[in-house]
Amino acid sequence: MESNQQIIAKGIFKSYKDVKALEDISFSIPRGELFGFIGPDGAGKTTLFRILVTLLLQDKGEINLFGLDSRRDFRKVRLMTGYMPGRFSLYQDLSVEENLTFFATIFGTTIKENYHLIRDIYSQIEPFKKRPAGKLSGGMKQKLALSCALIHKPELLVLDEPTTGVDAVSRKEFWEMLGNLKKLGITIIVSTPYMDEASLCDRVALIQDGKIMQTDTPANIVSSYSAPLYAIRSEKMHKLINDLRTFPETASAYTFGQYIHLTLTPTAKAEDVVGFLSEKNHTGLEINTISPNIEDCFMNLMVK
Amino acid sequence: MRTIGFFIQKEFLQIFRNRSMLPMIFMVPIIQLLVLTYAVTYEMKGIRIHISDADFSSTSGQLTGKFTGSPFFVVTSTGTTHEEAEQALHLGKADMALNIPEGFERGIMRSESPQVELLYNAVNANVAGLSSAYTSSLIADFQGNMIADLMGGMQGSIIPVADITYSYWYNQEMDYKLFMAPGILVMLVTSIGLFLTGMNIVREKEMGTIEQINVTPVKKYQFIVGKLSPFLIIGLGELAFGMLIARLMFGVPFMGSIWLIFLFAALYMLVLLGMGLIISTLTNTQQQAMLLSWFFLVIFIMMSGLFTPVESMPDWAQWIDRFNPLTYFIRVIRLVMLKGSGWDEVKDQFYIIGAYGVVMISVAVMRYRKVG
C-alpha cells in the first residue's frame, strides 16, 4: 500500500526517567480504518497518542502519517489531525458556541463551512450553545469535545479514552457517531480500557506495559484463542478461586462477573477439575465450556 | 493576524467573564491609592516627649518652649531629674525625653557649651530617627536665637547671622502624597503584569487546555502575542485609570509628558510580561505561579525606592537593585510627573528597561515549548 494511504509507526520508544513508557511499538493503519488500542490504565496509550499528535517527541522510532513525518512535518500533521485528550480540555468558562468558534477560527475555518461534519453531534448540544462548557454533563462535554476536534475537517481523528466516565447510553451513542464518521472516510484511532468496545473497532491492538501484545481484527483475536475455556461457579466463590489456583493443572483462573473463567494445561480435562473440586467439598458446582470474548484473550495474553 | 486578533478577543472574553476580575481591576487602584498614599508617610506628628528641667532658668524655659510650641511634639510629662526622664521611657509614657541639667543657663552665659541629654525609644528605629532629626533642627534653631541674643547684648557690634532659607524644589511643601502616589501607580502596574500573566498561562496548563491549543497550527509567536497583549493593554489602562485618580484626588501634578510615561510603561510591561511567561514555564499550578510571583514582587517593591531610598541601601543591595525593574520605573515616573523631566534626563532608564524587556521576552519565548 502506498505510504500516503496509511499510518505507519516503526519501533517507537519513549522513557520518562527510569520508566519505560513505550517499548518498540510498531503498527500500520490504513486510511479509513477505525483502530482501537485496548489496554489497562498505565499501559502507555496516552503517551503513544501524544506522540502521534506531535505533542511529545519519541526517543527512538518513526511515525509516518499519510506520507508526513511526525517530527519533520509536525505543522502539516497538526492541520490534518483532530485530537481529543482523555481529560476534558476545552475552555470551561467559554460557552459551547464560543469554544467551537474559537477552535474553528484558529484552524482558519468557520463553523458554517464544516457544519455538515458535526451536524449529527453538534445538533444534540446546540440547544445549550450559550451554556459555559464547564456546566455541561459528561456526555455533552464529550460531544462538544468531539465537535471541536472535527471542526477543521481532519483526515485523522485521535481519541484518547473518549468514553471513560461516560454513562452506558452516551457510550453507545458515541460509538455510533464514530461509525458515521468512519463512513465519511475519516481514519479514527481510539483508545479504551473497556474490552466490550474493542469489538466495535475494525482492528485492535492489545497494549500492556508499553508493548503491543497482539494486533488483529477482534474476530481473529478471539478465534486465535487456542485452549478451551470454562466458566465455573459454585456456592462459595471465594474458596473456589483459591482452590482453582492451587490446582496443578490450572493455566489461568480469574473472576468474570458471576463466573470464574478457567483454562487448563493442554493435558488436563474438565473432568479432572470436577474431581478435584468435589474433593474440596464444593457444592452447587456448575461448569460450562464457553467461547472466549476479547477480554478473555486479553487476560490470557497478560498471563503470558 | 486574524488568529492573534481572535486570541486576544478570547482572552478578554475570559478575563471579563471572571466575576472577580472587573472589581479587582477597578477597585484595587482606588483602594491602594487611597489607603497607601495617606497611610504611608514619613511625617511624624505628636511625638510624645518628657521634659526634665533642673535649671528652672529663662534659657531652659526658651528651649522647652521650642518643644511645647512645635506641632510635631506633645509634652506628656515634666520633671526635674534624669531618673524621671528614664522612667517616662520605661513606662512607655513618652517616645523621647529631654533632660536639661542644672547650670544650663550659667554655662551658656560663660560660653562653656553646656550639655542637654536626649533619650529616644528606638524600638521603632524609624520613629527614633525622625524624632532625632526634628529635635536636632529645633535645638539648632534655639542655638541660633541664643547666639543672636548674646551678641546683641554686646555693645556696638554687628550681628553676623547666616540666614538659611529652605526651598524644596519639585515638591514645594514636601507633600508625601505627591511623592507616594506615582510610586503606588508603578506598584499597581507591576502586580497586574506579573501576577495575571503568569497565572493566566499556568491556568491553561492546569485546565489542560494548553494541550488542545498545542495540537492546533497556532504558532508559538501567535500564542504568546495573543496571551500577552491583553495584559499589556490592561496594565496600561490600569495606569491611566490610576493616574486619573491620583490627579483628581491628590492633585498630583503632571509636569512632564504623559506620553513619555506611557511609552516607558509599555517597555516596562514587556519586562513584566516576559517574567510572567518565564514563571509560567517554571510552574505547573496557579498556586506555584502565585507564590513565585509573590516572592519576586516583595523583593522588587521593598527594594524599589518606593518606601526607603535606594541610595541608603548597602552597596551589594544597590548592585542587586540594578536588576529591579521597579526602581527604574519609579525613578522615571517621579522625575517626569513631579519634575517634568524630558527625554534627555530619562533616556538612560529607557535604554536599560528596553534592553531588559528584549532579554526577558527572548528568554521567555525560548523557554516556552509546544512539544514535551
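Just checking, does the stretch B:200-215 include any residue being in contact with a His (Cβ under 9 Å, 6 or more places away or on another chain), modelled with pLDDT of 85 or more and more than 15 Å from B:ARG367 (Cα to Cα)? No, because not a single residue in the stretch B:200-215 is in contact with a His (Cβ under 9 Å, 6 or more places away or on another chain), modelled with pLDDT of 85 or more and more than 15 Å from B:ARG367 (Cα to Cα). Scanning the stretch B:205-219 for residues that are more than 7 Å from chain A (Cβ to nearest Cβ) and open to solvent by less than 10 Å² (accessible area, probe 1.4 Å) yields a count of 1. Tell me which residues, restricted to the stretch B:332-367, are in a loop (DSSP other than H, G, I, E, B), open to solvent by 10 Å² or more (accessible area, probe 1.4 Å) and touching a helix residue (DSSP H, G or I) at 6+ places or on another chain (Cβ under 9 Å). If the condition is that a residue be in a loop (DSSP other than H, G, I, E, B), open to solvent by 10 Å² or more (accessible area, probe 1.4 Å) and touching a helix residue (DSSP H, G or I) at 6+ places or on another chain (Cβ under 9 Å), then B:GLY342 is the only one that fits.
Here B:SER20 meets each of (1) open to solvent by 50 Å² or more (accessible area, probe 1.4 Å); (2) away from every other protein chain (no Cβ under 14 Å); (3) not hydrophobic (A, V, I, L, M, F, W, C) with one exception, condition (2).
Within the stretch A:246-304, the set of residues being more than 30 Å from A:CYS201 (Cα to Cα), among the hydrophobic types (A, V, I, L, M, F, W, C) and part of a helix (DSSP H, G or I) comprises A:ALA270, A:VAL273, A:VAL274, A:PHE276, A:LEU277. Just one residue in the set B:GLN32, B:GLN14 is in contact with a Leu (Cβ under 7 Å, 6 or more places away or on another chain), in the same structural domain as B:VAL189 (by TED's automatic domain parsing) and either under 30 Å from A:GLU98 (Cα atoms) or of a type in the set (Lys, Arg) (or both); that residue is B:GLN14.
Just need a number here: residues in the stretch A:182-199 that are modelled with pLDDT of 90 or more and either among the hydroxyl-bearing types (Ser, Thr, Tyr) or touching a Pro at 6+ places or on another chain (Cβ under 8 Å) (or both). Residues flagged as modelled with pLDDT of 90 or more and either among the hydroxyl-bearing types (Ser, Thr, Tyr) or touching a Pro at 6+ places or on another chain (Cβ under 8 Å) (or both) within the stretch A:182-199 amount to 4. Against the conditions (1) among the polar types (S, T, N, Q); (2) within 14 Å of another protein chain (Cβ to nearest Cβ); (3) surrounded by 21 or more Cβ atoms within 10 Å (Cβ to Cβ), B:GLN222 satisfies every one except (3). Among the residues of this structure, A:ALA253 does not count as one that is modelled with pLDDT under 80 and touching a strand residue (DSSP E or B) at 6+ places or on another chain (Cβ under 7 Å). Among the residues of the stretch B:248-262, those that are without any contact (Cβ under 8 Å) to a residue 24 or more places away in the chain and within 25 Å of B:LEU196 (Cβ to Cβ) comprise B:ILE258, B:TRP259. Only helices (runs of 4 or more DSSP H) whose full extent lies in the stretch B:231-331 are considered here, and the ones with at least 2 residues that are among the aliphatic types (A, V, I, L, M) and touching a Ser or Thr at 6+ places or on another chain (Cβ under 9 Å) are B:258-282, B:286-302.
Residue-by-condition table, conditions (1) farther than 24 Å from B:ILE15 by Cα; (2) at pLDDT 90 or above:
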position	(1), (2)
A:GLY61	yes, yes
A:PHE74	yes, no
A:GLY82	yes, yes
A:GLU97	no, yes
A:GLN124	yes, no
A:PRO127	yes, yes
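Residues being in contact (Cβ under 8 Å) with a residue 24 or more places away in the chain, under 30 Å from A:LEU79 (Cβ atoms) and assigned by TED's automatic domain parsing to the domain that holds B:SER362 are represented in the stretch B:265-273 by at least one member. When the stretch B:200-219 is filtered for residues that are touching a helix residue (DSSP H, G or I) at 6+ places or on another chain (Cβ under 7 Å) and either free of Cβ contacts under 8 Å to residues at least 60 places away in the same chain or basic (Lys, Arg) (or both), the ones remaining, listed by number, are B:ARG203, B:GLU204, B:ILE210, B:ILE213, B:VAL215, B:THR216, B:PRO217.
Identify, from the list B:ILE8, B:ILE47, the residue that is in contact (Cβ under 8 Å) with a residue 60 or more places away in the chain, out of contact with any His (no Cβ under 8 Å at 6 or more places or on another chain) and within 14 Å of chain A (Cβ to nearest Cβ). Just a single option satisfies the conditions, and that option is B:ILE8.
The values are calculated or read from the model by the stated rules, or taken from the named source; none is laboratory data. All figures in this text were calculated on a predicted structure; none of them were measured in a lab. When we count neighbours, we look across all protein chains shown, and the Cβ atoms used for this are built from the backbone with ideal geometry, even at glycine. Accessible surface areas use protein heavy atoms only, side chains included; no ligands, DNA or RNA. Shrake-Rupley method; radii C 1.70, N 1.55, O 1.52, S 1.80 Å.
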